[in-house]
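What follows is a short report on a single structure.
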Amino acid sequence: MPPCFRRHLPHHPSRDATYFITVRLVVSLPAQVMARLEEEYEAERRRLAERFRGRTLREAWYQARKRHFARVDGMLDRARQWPRWLARREWAEIVMQKIHELRPQQGYQRYAFCLMSNHAHLLTDQQSYQSRRRAGPGSTTRPGGGPCLC
């Protein structure tokens, strides 16, 4: 399937795929920390591209992405000196309410989520993806209205 784009980021929706989504507060890690982590990740990708090609390169990049995610997630888990707004009950309840609004009749199956003090993880999939695509190219809505995840 061709990627769709939101905020200049490519999204590659797949039929029958399960998605592990992480969202974080923009202030959960300082911009300079995130920039350093991204620079390290991009440098690793360049080094791998010099060494590998084809399927081996794709697998190496996949492993590098997993390591990058683990570094960011670990920093989020240990972050105590930056804002932890989701530790406040009223903020956490807003996020939980929005997650609970993802329902199968809207095209989503929510399997699990974990809300932490400065980020959240969500395990979900898109139901009836093909029927939403019939709405036409560029469609970004799901049955019942509202934006889709892609």
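Each residue in segment 19-38 was checked for being more than 20 Å from the chain's Cα centre (by Cα) and not in a helix (DSSP H, G or I), and 0 pass.
Among the residues of segment 39-53, none qualifies, meaning not one is without any contact (Cβ under 8 Å) to a residue 24 or more places away in the chain, in a helix (DSSP H, G or I) and either in the same structural domain as residue 115 (by TED's automatic domain parsing) or among the hydroxyl-bearing types (Ser, Thr, Tyr) (or both). For segment 54-66, the criterion of being assigned to a helix (DSSP H, G or I), more than 20 Å from the chain's Cα centre (by Cα) and on the phi > 0 side of the Ramachandran plot is met by at least one residue.
Residue 16 meets each of the listed conditions (1) assigned to a loop (DSSP other than H, G, I, E, B); (2) closer than 30 Å to residue 94 by Cβ; (3) of a type in the set (Asp, Glu) apart from (2). Among the residues of segment 48-66, those that are surrounded by 13 or more Cβ atoms within 10 Å (Cβ to Cβ) and either of a type in the set (Gly, Ala, Ser) or out of contact with any helix residue (DSSP H, G or I) (no Cβ under 7 Å at 6 or more places or on another chain) (or both) comprise 60, 64, 65. Taking (1) at pLDDT 85 or above; (2) surrounded by 12 or more Cβ atoms within 10 Å (Cβ to Cβ) in turn, residue 109 satisfies each apart from (1). Residues that are under 22 Å from residue 123 (Cβ atoms), outside any helix (DSSP H, G or I) and not small (Gly, Ala, Ser) within segment 71-112 comprise 101, 102, 103, 108, 109, 110, 111, listed in sequence order.
The values are calculated or read from the model by the stated rules, or taken from the named source; none is laboratory data. In this text the structure is predicted, and so the values were computed from the model without any measurement. Please note: Cβ atoms are built from the backbone with ideal geometry, for glycine as well, and neighbour counts cover all protein chains shown.
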